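Input: a single structure, listed below in structure tokens.
The values are calculated or read from the model by the stated rules, or taken from the named source; none is laboratory data. Because the structure is predicted, anything quoted here is derived from the model rather than measured. Cβ placement follows ideal geometry from the backbone for every residue including glycine, while neighbour counts extend to all protein chains displayed. Note: accessible area is taken over every heavy atom of the protein model, side chains too, but ligands, DNA and RNA are not part of it. Shrake-Rupley method; radii C 1.70, N 1.55, O 1.52, S 1.80 Å.
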Amino acid sequence: MATAPAQSQTNVSIGPTIGLNVSTAPYSERRTYTTTYTTGLEAGVVASINQGHFALQPALLISQKGFGINDNYTDDSYGQVTIIATKATYRLNYLALPLNLAYTQLEDGQGLQAFVGAFAGLLLGGDYSSGTSYSVRTPHSATGGYSNVSGNVAGGDYFSNSVGDKTYYSRRYDFGVQGGLGYRQGQLQMQLGYSLSLRNLGADYKFGNGSTAPGPSYRNRAFNLSLAYLFATAR
């Protein structure tokens, strides 16, 4: 009498996760700026639904991303030399919903794993600080100055045209793709991943007469290292 093939068991586990984001965002507005990386925390809950060598891994996270600008620009047109130096930091806080599909080394989800997936993010807020210095030199004179502005980051498709509003607006919804490698030993799971936003997050300008103009363009990019402790809930 033939024996029926064994069925892979479905194992479900869930638990807290905490991690570190190292993120940036290539930034342009009329020209491309030199950007730098910022660091932020990520924490929340992750689950693993494993059957055989495959595991579905949804999560709900508070994720801090952002970018820095450290840029020097020189323009020597019109018989004068203009030098503009910009240093800025933007921190963006998201409610993130990643969903990964992992291939695991062992059928019970243990060992090495490689994963790919997608994520959606809702901007909760943030803060920024930006300083700009400039100097203008001609054969007969030289002038210069410095300005600094800081404030909160809020979700919106357009910058405010209200006088004195220092809020920096970024598009509220983000989405993209991600992938990486991980390792699970018992209830501990460590993952190293990279995520890439597919949406331009820069808000546009809107004027009092209703007309609009393109604003800055940037997309989140982040390396992430996370550690989760997973409790078995079903088999």
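Annotation: of all residues in segment 67-97 being in contact with a Gly (Cβ under 6 Å, 6 or more places away or on another chain) and open to solvent by less than 60 Å² (accessible area, probe 1.4 Å), the one that is nearest to residue 138 (Cα to Cα) is 89. Within the span defined as segment 78-94, one or more residues are among the aromatic types (Phe, Trp, Tyr) and under 16 Å from residue 197 (Cβ atoms).
Within the span defined as segment 107-119, one or more residues are at pLDDT 95 or above, open to solvent by 60 Å² or more (accessible area, probe 1.4 Å) and either polar (S, T, N, Q) or within 17 Å of the chain's Cα centre (by Cα) (or both). The residue that is most open to solvent (accessible area, probe 1.4 Å), counting only those in segment 153-190 that are of a type in the set (S, T, N, Q) and over 30 Å from residue 82 (Cα atoms), is 185.
Residue pairs whose Cβ atoms lie under 7 Å apart, separated by 6 or more positions or on different chains, with the first residue in segment 70-94 and closer than 30 Å to residue 41 by Cα and free of Cβ contacts under 8 Å to residues at least 12 places away in the same chain and the second exposed (fewer than 15 other Cβ atoms within 10 Å of the Cβ) and among the aromatic types (Phe, Trp, Tyr), do not occur. Restricting to segment 54-66, count the residues that are exposed (fewer than 15 other Cβ atoms within 10 Å of the Cβ) and farther than 30 Å from residue 9 by Cβ. Number satisfying all stated conditions: 1. Checked against the criterion of being surrounded by 15 or more Cβ atoms within 10 Å (Cβ to Cβ), of a type in the set (S, T, N, Q) and over 19 Å from residue 69 (Cα atoms), segment 126-134 contains not a single residue that satisfies it.
Taking the listed residues 199, 171, the one that is touching a residue at least 40 places away in the same chain (Cβ under 8 Å) and charged (D, E, K, R) is 171, with no other qualifying. Within segment 171-187, is there a residue that is closer than 23 Å to residue 103 by Cα, within 17 Å of the chain's Cα centre (by Cα) and polar (S, T, N, Q)? There is at least one residue in segment 171-187 that is closer than 23 Å to residue 103 by Cα, within 17 Å of the chain's Cα centre (by Cα) and polar (S, T, N, Q).
Taken as a whole, segment 137-155 holds at least one residue that is modelled with pLDDT of 95 or more, among the β-branched types (Val, Ile, Thr) and under 15 Å from the mean Cα position of the chain (by Cα). Against the test of being part of a strand (DSSP E or B) and free of Cβ contacts under 8 Å to residues at least 12 places away in the same chain, the options 144, 180 yield a single qualifying residue, 144. Looking at (1) within 16 Å of the chain's Cα centre (by Cα); (2) over 21 Å from residue 229 (Cβ atoms); (3) open to solvent by less than 50 Å² (accessible area, probe 1.4 Å), which is the only condition residue 29 fails? That leaves (1) as the condition not met.
Once segment 202-223 is narrowed to residues that are open to solvent by less than 30 Å² (accessible area, probe 1.4 Å) and of a type outside the set (A, V, I, L, M), the residue that is farthest from residue 165 (Cα to Cα) is 220.
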